[in-house]
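K.L.:
Sharing a structure below in structure tokens format, with a few things to ask.
The values are calculated or read from the model by the stated rules, or taken from the named source; none is laboratory data. The structure displayed is predicted, hence computed values, not measured ones. In this analysis, Cβ positions are derived from the backbone assuming ideal geometry, glycine residues included, and neighbour counts consider all displayed protein chains. SASA here: full protein model, heavy atoms, side chains in, ligands and nucleic acids out. Shrake-Rupley method; radii C 1.70, N 1.55, O 1.52, S 1.80 Å.
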Amino acid sequence: MVFLASMGTGVVTNGIFFIAKESGGFTPSMNFGLGLLLGVMYILGAAGVGPVLKRVAARNPRVSSRGVVAGLSVCMGAAAMVPPVVASLAPEWAAAAVWSGVGFYALCSGAFWPIVESYLGGGRTGHSLRRAVGQFNILWALAVLVSLWAMAPLLDRAPLAVLVVFGLIQLGATVLVVPMGREPGRHVAEQHEPHPPVYLPLLTTFRLLLPTSYYVVSVWSPFAPEALDRLGVEIGWQTPVAATWMLSRLVVFVAMERWHGWHGRWWLVVVGAVGMVGGIGVALVAPLVGGGAGLALLVAGLGMLGVGNGVIYVASLYYAMEVGRGEIKAGGTHEALIGVGFAGGPMTGLLAVGAVRSGVLPEGAGLNLTMLVFLGVVLGIVGVWVGRRVAVATRRAGELSSV
């Protein structure tokens, strides 16, 4: 179920910007606005699902987590098909249908994944939890990668048909909810393995890096069609090239699922932060270089970005599930932070466009250079904060080892 649902999520959250550009002529500014809507609605769904489900279930015992997951899955499949259906019936409303369909899908998706993650983490701890989180990450990351490669042939000829295909896949995935338990497993306090004290500060640090990493990715995603056009990449190859960072992220997921020596280690924070910052910097500079060298730089930058994003995602989810004991609230916080990143990236893009158009920055500065400046400021602030936390943690570890 996770694999099939992730294919639809991958198309709507990452491929929609290519679909909107090809089907509705969306400009970079419009795509940034679409990305902002996606992020805001995702936050609302993720942050609200835990309290709302708890309140509704208290009033009506027939309401179950499984039933809510099934209902959300149906709504996600239907939302994905809104743009193509409206475009076929009333072409003049096609652009509006993209906005409404994406907004509703993001709201449902934000609520859907925290409940799924509670099934993942509920009743598991230690090695069992590590294995489950690792397999979950590999499955959804592979599904997103497959979906972006699979949509490429349709993108040039019938972009909106992509949403029909993956909307139907999402509806089909609903059947696989039936064998799931009515509710996620619960931790028994006496059986719960105590986590090392270092897990809590690591969770706090990775929870700052998590929205930052998705902020970086969401700056890239709406800008990707424009950047790839500048580099002369044919439309049929654009989504596979743009998905380079997802391929390197998948490799990281597999490695971290197989090898567990990263648990409780502060050096992983550095790896994630450097990959994230270096990767997006190289990717945004690549279109300025142009030609084959620019394309090679782009692929290298996206590869680094995937490593940083993968490290941060795995560590953040694992520590959230271990410290939060697999509750929907823990998954909701995790997904809401992703939504903050989804919204923050497009907001940066809109600010960059506004700064150039209003004359605050010279027109010759270009969109990607302006975005790089905004990114640099945000990442600089986050980098200083994370650097201080790593330095303090390293110093304390040294003091303890000398006692």
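K.L.:
Out of everything in the stretch 11-42 that is under 20 Å from the mean Cα position of the chain (by Cα) and among the aromatic types (F, W, Y), what residue ends up being farthest from G110 (Cα to Cα)?
P.N.:
Per the stated criteria, the residue is F18.
K.L.:
Here's something else I'd like to know. Mind checking which pairs have a first residue in the stretch 373-393 that is farther than 18 Å from I312 by Cα and a second that is open to solvent by 50 Å² or more (accessible area, probe 1.4 Å) and not in a helix (DSSP H, G or I), Cβ under 9 Å, 6 or more apart or different chains?
P.N.:
Once the first residue is farther than 18 Å from I312 by Cα and sits in the stretch 373-393, its partners that are open to solvent by 50 Å² or more (accessible area, probe 1.4 Å) and not in a helix (DSSP H, G or I) give V373/L361.
K.L.:
Let me ask something additional. Would you be able to tell me the number of residues in the stretch 189-209 that are modelled with pLDDT of 80 or more, in a helix (DSSP H, G or I) and open to solvent by 40 Å² or more (accessible area, probe 1.4 Å)?
P.N.:
Matching residues across the stretch 189-209 total 5.
K.L.:
Among the residues of the stretch 48-98, what is the count of those that are part of a helix (DSSP H, G or I) and open to solvent by less than 60 Å² (accessible area, probe 1.4 Å)?
P.N.:
29
K.L.:
Of the residues V307, V311, V340, which single one is under 15 Å from the mean Cα position of the chain (by Cα), at pLDDT 90 or above and surrounded by fewer than 24 Cβ atoms within 10 Å (Cβ to Cβ)?
P.N.:
V307
K.L.:
Considering the stretch 259-315 alone, what residues qualify as being aromatic (F, W, Y) and touching a residue at least 24 places away in the same chain (Cβ under 8 Å)?
P.N.:
Residues satisfying the conditions are W262, W266, Y313.
K.L.:
Just checking: which of the helices (runs of 4 or more DSSP H) contained wholly in the stretch 101-188 hold 1 or more residues that are at pLDDT 85 or above and open to solvent by 20 Å² or more (accessible area, probe 1.4 Å)?
P.N.:
Those helices (runs of 4 or more DSSP H) span 126-150, 161-173.
K.L.:
So, in the stretch 12-31, exactly how many residues are touching a Pro at 6+ places or on another chain (Cβ under 7 Å) and either open to solvent by 20 Å² or more (accessible area, probe 1.4 Å) or closer than 20 Å to L210 by Cα (or both)?
P.N.:
4
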